[in-house]
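Peer 1: Can you keep this structure in mind? I'll have questions shortly.
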Amino acid sequence: MEKRTEKPDWAKNIEAGLNGLKENEKECEKITELDYRDYAKTSYDLARKKYAGEMKAYQKALDAGYVIVDTIVNLPFKESAGLRLSKFFEALRGEARILALRCPECGRVIFPPRPVCGFCRITIGESSKDWLELRDTGTVTSIVLPTEREVDRATGRIVGEPNPCGFIRLDGGDEWTVLVHYLEMTNLEKLHRGMRVKAVWKPKEERRGRMTDIAFFRIVED
Ligand SMILES: [Zn+2]
């Protein structure tokens with residue numbers, strides 16, 4: 001049998017993965033927050049197990065006489081949003097309105113609309129009386145300031161500039177009606193908890209029935 005000196009791609013990939021882990025672990029030593037460091041270490045242990053499992057699976061296939069080929073699997077995926085969320089997204093897209101449900105039992109506002117109140121375990125949203133409209137203004141309850149550019153989880157591409165995000169409690173709801181969304185790019189010193197914001201909607205022809213139909217929230221003076 002011909003002796004192979006060059007490592008196959010899968011072996012190189014695993015090796016590169018393990019080397020990457022070593023580098024990350026070195027970085028992880030610098031984390032001062034112990035809980036977070038433990039969390040990171042556990043992740044690396046799991047990744048190492050995953051690579052070991054892969055290695056074993058490949059070797060088993062090779063020992064059985066199979067040839068391993070590299071391939072790319074593309075898995076586009078779509079799912080139905082269901083009746084309640086469909087109504088919610090339709091209202092975003094068609095009318096720039098934010099809908100929510102109120103549980104008739106406990107009075108909590110369910111946002112985004114879901115078919116069951118998680119507290120009372122009853123079906124909601126079948127009666128039009130359960131529906132209400134939130135306003136597109138709100139109060140920022142906390143702020144996230146990213147230091148890295150964002151990666152699109154669907155494609156792995158880096159998108160945009162680091163953009164501040166806010167937890168925004170929308171008017172017309174209750175303490176549960178919190179939305180996480182982009183805040184306007186502004187002087188960071190202007191950002192503070194408790195500030196008032198208002199949605200900036202994309203023009204109708206650009207709206208797709210997604211949360212990103214709201215482009216971002218602008219800071220407004222009350
Ligand atoms: Zn309820």
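Peer 1: Output the qualifying pairs, or none if there are none: Cβ atoms under 7 angstrom, residues six or more apart or on different chains, first residue in the range 96-107 and without any contact (Cβ under 8 Å) to a residue 24 or more places away in the chain, second residue among the β-branched types (Val, Ile, Thr) and in a loop (DSSP other than H, G, I, E, B).
Peer 2: From the range 96-107, the pairs are GLU105/ILE122.
Peer 1: If the Cβ limit is 7 Å and pairs must be 6+ apart or interchain, which residue in the range 14-26 that is modelled with pLDDT of 85 or more pairs with which residue that is hydrophobic (A, V, I, L, M, F, W, C)?
Peer 2: ILE14/MET55; LEU21/ALA47
Peer 1: So which of THR139, THR155 ends up being in the same structural domain as ASP213 (by TED's automatic domain parsing), exposed (fewer than 12 other Cβ atoms within 10 Å of the Cβ) and more than 16 Å from the ligand (Cβ to nearest atom)?
Peer 2: Testing whether each residue is in the same structural domain as ASP213 (by TED's automatic domain parsing), exposed (fewer than 12 other Cβ atoms within 10 Å of the Cβ) and more than 16 Å from the ligand (Cβ to nearest atom) leaves just THR155.
Peer 1: For the range 121-129, check the following and say yes or no: at least one residue is in a helix (DSSP H, G or I) and farther than 30 Å from LYS12 by Cα.
Peer 2: Yes; the residues of the range 121-129 include at least one that is in a helix (DSSP H, G or I) and farther than 30 Å from LYS12 by Cα.
Peer 1: Here's a follow-up. Quick one: would you say ALA215 is in contact with a Lys or Arg (Cβ under 9 Å, 6 or more places away or on another chain) and either surrounded by 18 or more Cβ atoms within 10 Å (Cβ to Cβ) or among the acidic types (Asp, Glu) (or both)?
Peer 2: In short, no.
Peer 1: Taking the range 91-114 as the search range and keeping residues that are under 21 Å from the mean Cα position of the chain (by Cα) and not in a strand (DSSP E or B), which one is farthest from the ligand (Cβ to nearest atom)?
Peer 2: Only one residue tops the list, namely ARG93.
Peer 1: Under 9 Å between Cβ atoms, which residue pairs at least 6 apart in sequence (or on different chains) link something in the range 184-212 that is at positive phi and assigned by TED's automatic domain parsing to the domain that holds ILE168 with a partner that is at pLDDT 95 or above and acidic (Asp, Glu)?
Peer 2: GLY209/GLU90
Peer 1: Just for the range 115-125: of the residues that are within 23 Å of the chain's Cα centre (by Cα) and within 8 Å of the ligand (Cβ to nearest atom), which one is farthest from GLY172 (Cα to Cα)?
Peer 2: Result: GLY118.
The values are calculated or read from the model by the stated rules, or taken from the named source; none is laboratory data. Predicted model, so just to flag it, every value in this text is computed and none were measured. Neighbour counts run over all protein chains shown; Cβ positions are idealised from the backbone, glycine included.
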